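The values are calculated or read from the model by the stated rules, or taken from the named source; none is laboratory data. The shown structure was predicted, so the numbers you read here are calculated from the model rather than taken from an experiment. Neighbour counts run over all protein chains shown; Cβ positions are idealised from the backbone, glycine included.
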There are 2 protein chains.
Amino acid sequence: MDQKLDTNEARKARRNARAERRTVDPAVPRERILNVAASLFRQRGYNGTTVRDIAAEVGILSGSLFHHFQSKEEILLEIMREAAFTICVRAEKTLEDAETPWQQLRELVRLELESIVGGVRKDYHAVLFFEWRDLPEAAKPELTRLQKRYNRSWRQAAEACHAAGLLRCEPDAAVLILHGSVRGAMTWFRPGGRYSTDEFGDILTALVAIDIKDNGKDNHKGSKP
Amino acid sequence: MDQKLDTNEARKARRNARAERRTVDPAVPRERILNVAASLFRQRGYNGTTVRDIAAEVGILSGSLFHHFQSKEEILLEIMREAAFTICVRAEKTLEDAETPWQQLRELVRLELESIVGGVRKDYHAVLFFEWRDLPEAAKPELTRLQKRYNRSWRQAAEACHAAGLLRCEPDAAVLILHGSVRGAMTWFRPGGRYSTDEFGDILTALVAIDIKDNGKDNHKGSKP
DNA sequence: CCTACCGATCGGTAGG
DNA sequence: CCTACCGATCGGTAGG
């Protein structure tokens, strides 16, 4: 019906969307589509979003989407791949860069919080966690592998803290609690609200692991002369 | 299509489902439908479940559902109402029965964990949290009110703990962390897995609030003569 | 990227 | 609770 009623207003709206895109957003079409789709999937869910919804917000007609993607499912898969892969790589880099187990844990918490509520790809990560069940079965093994790889980083940090006697509970429980709390932030977090991401992250880390006021590495440098 | 192909096998399946229901499950039709719908909504999401799916598992044809409910949305609403109201009432009773702030918090954690992963209505609670965005706008005020009422119980317990000097972080953060961790259990919890609900609940409570080994109320009674 | 469609499936209804 | 449908909408396609 949207296509039979392709009125002059609709044509004009698409023309405007196209013009705006050219000046405001230089992203290649593929990426524009993914950004729009991630945002809509987050708001309405995968099954609650139609290919016509996505196309309309990109400023094209629904049929044109299938020049860029083979199917609606492929769009979902690409969003999740991007999110899962990016956070894996960043988590591994975080572990390498941090100098103490406690800092490893704190930085992982901050990374996940920032990815989920603050980053430019936050909708991608939200979709990865919320729409998992809508993934076609055939795509699950690939993403499960990335998920496990990501979890290894967490377990490694938690076990390092445990070995150093810093953990207030078992490493397994610590990871479950940290993950749950951070992902819960997807629901309640608002920029400018009660806590910033780093504030909440630090509260959370301090709750799970004891911070033996470390060698004064880089925080508050020079506050105690 | 499912209705045009109402084969003899399908008829027989319905007959069997009806017979089994009569002997195995004496629930009134309305409740049977809600149970089935809650289970399917949890597995596939609201938009991923069709009225035909629900009807098939109940053992009737899709048209017959609308003798019991006005619409698919009303089924979702009833599930959420039931879950939200029940947990509100139980939380308030929990606060009354507990004798110390620490016990209040522990029992709230246990209540929510048990509701979400163990209780007979666990799918109802999962749907309440996961399918919120699929609720028709018109129904949100009613459920938001119940949600706020439920949160009051949590805040009350958290603030009582805080006043008693038991909390390792601010009451606001404590509630956010407890809620997130407990709801995260919907994803990873398996009966017979790493932790039982009470074990995980106690780890969680002990992390957030210090247990000043209370007056030996009822736990391990008689262990110290 | 658009035009112009398609077969399938959706939630829901009327009358028994 | 079933029979027999409905209008709308869905994901996707062919040909330009």
Q. Residue A:59 is checked against (1) over 17 Å from residue A:128 (Cβ atoms); (2) modelled with pLDDT of 95 or more; (3) surrounded by fewer than 20 Cβ atoms within 10 Å (Cβ to Cβ) and fails just one. What number does that condition carry?
A. (2)
(Q) Within region A:135-146, take every residue that is part of a helix (DSSP H, G or I) and buried (at least 16 other Cβ atoms within 10 Å of the Cβ) and give me the one that is farthest from the other protein chains (Cβ to nearest Cβ). (A) A:146
Q) Can you name every residue in region A:28-52 that is near DNA strand D (Cβ under 10 Å from one of its atoms) and either assigned by TED's automatic domain parsing to the domain that holds residue A:134 or farther than 18 Å from residue A:134 by Cα (or both)? A) A:52
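I'm trying to understand the selection: among the residues of region B:68-96, which are free of Cβ contacts under 8 Å to residues at least 12 places away in the same chain and over 15 Å from residue B:114 (Cβ atoms)?
Within region B:68-96, B:70, B:71, B:74, B:96 qualify.
Within region B:114-134, which residues are aliphatic (A, V, I, L, M), surrounded by fewer than 24 Cβ atoms within 10 Å (Cβ to Cβ) and in contact (Cβ under 8 Å) with a residue 40 or more places away in the chain? Talk me through it step by step, then tell me what you get.
So in region B:114-134, the residues aliphatic (A, V, I, L, M) come out as B:116-117, B:120, B:126-128.
So of that shortlist, the ones also surrounded by fewer than 24 Cβ atoms within 10 Å (Cβ to Cβ) come out as B:117, B:120, B:126.
Scanning region B:114-134 gives B:117, B:126.
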Q) In region A:151-173, what residues are touching a residue at least 60 places away in the same chain (Cβ under 8 Å), assigned to a helix (DSSP H, G or I) and either within 14 Å of chain B (Cβ to nearest Cβ) or buried (at least 20 other Cβ atoms within 10 Å of the Cβ) (or both)? A) A:153, A:154, A:157, A:161
Q) How many residues does region A:200-209 hold that are at the interface with chain B (Cβ under 9 Å from one of its Cβ atoms) and over 13 Å from residue B:204 (Cα atoms)? A) 3
Q.
Against the conditions (1) within 21 Å of the chain's Cα centre (by Cα); (2) surrounded by fewer than 18 Cβ atoms within 10 Å (Cβ to Cβ); (3) within 15 Å of DNA strand D (Cβ to nearest atom), where does residue A:70 fall short? Just the number, please.
A. (1)
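From the list A:106, A:30, pick out the single residue that is at pLDDT 95 or above, under 21 Å from the mean Cα position of the chain (by Cα) and not aliphatic (A, V, I, L, M). Please lay out each step first, then the result.
Details: A:30 fails: at pLDDT 95 or above.
The conditions single out A:106.
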Q. Just checking, how many residues over region B:54-85 are within 7 Å of DNA strand C (Cβ to nearest atom) and either assigned to a helix (DSSP H, G or I) or within 14 Å of another protein chain (Cβ to nearest Cβ) (or both)?
A. 4
Q) For residue B:120, all conditions in the list (1) within 11 Å of the chain's Cα centre (by Cα); (2) in a helix (DSSP H, G or I); (3) more than 14 Å from every other protein chain (Cβ to nearest Cβ) hold save one; what is the number of the exception? A) (2)
